[in-house]
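Peer 1: Mind looking over this structure? Questions follow.
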Amino acid sequence: AEMAARLSENRLVSLPLSRIRVIMKSSPEVSSINQDALFLTAKATELFVQYLASYSYKHGRGKEKNALTYTDLSHTAEECETFQFLADILPKKILASKYLKMLEKEKRDGEVGQGDEEDEEEEDEDEA
């Protein structure tokens, strides 16, 4: 009966529970994971991703092309207070040439600005 319950639970979530378990166990504070906690975390994550995607689609330019774009997601992370905690994970993309100009200016000024760390991540995104 327990196996049947687990199978029906697995159909209620799209994300792989084994991967969610690995991510949860990567936290040093977590020693064991209850099956219910694993399922609820997976379901909450799935609902959050759906909400982020639908919000970004509705408020972005992607709907003109009938597509959700990275730019829509990064704009949402930057502009919407609810999603601002994702700004480091979804940085705005910049061109490598623009980044190089920023580096040159930085060297001329002889000082690293506070926002420059984010720009490095953005350049990495362009190269990927």
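Peer 1: Order the following by accessible area, largest value first: K25, K107. Probe radius 1.4 Å; ligands, DNA and RNA are ignored. Before the final figure, lay out the partial values.
Peer 2: Working: K25 110, K107 170 Å².
Result of the area sort, largest leading: K107, K25.
Peer 1: On the full set of protein chains, 1.4 Å probe, figure out the accessible area of H59 and give it in Å² to the nearest 10.
Peer 2: Approximately 110 Å² for this residue.
Peer 1: Run the accessible area of the stretch 9-83 with a 1.4 Å probe and give the carbon-and-sulfur part as a rounded percent.
Peer 2: Working: 2870 of 5200 Å².
The value for the stretch 9-83 is 55 percent carbon and sulfur by accessible area.
Peer 1: If you rank E78, E106 by how much accessible surface each has, with a 1.4 Å probe, what is the order from largest down? Working shown, then result.
Peer 2: On the way: E78 75, E106 40 Å².
Largest accessible area first, the residues go E78, E106.
Peer 1: At 1.4 Å probe size, with no ligands or nucleic acids counted, give the accessible surface of D88 in Å², nearest ten.
Peer 2: 90 Å²
Peer 1: For a quick check of understanding: with a 1.4 angstrom probe and all protein chains in place, what accessible area in square angstrom does R21 have, to the nearest ten?
Peer 2: 80 Å²
Peer 1: Taking only protein heavy atoms and a 1.4 Å probe, what accessible area per residue, in Å², does the stretch 17-109 have with all protein chains in place?
Peer 2: On the way: 6720 Å² over 93 residues.
Each residue of the stretch 17-109 exposes 72 Å² on average to a 1.4 Å probe.
The values are calculated or read from the model by the stated rules, or taken from the named source; none is laboratory data. Keep in mind that this is a model prediction, so the values were computed, not measured. Surface accessibility is based on the protein's heavy atoms, side chains included, excluding ligands, DNA and RNA. Shrake-Rupley method; radii C 1.70, N 1.55, O 1.52, S 1.80 Å.
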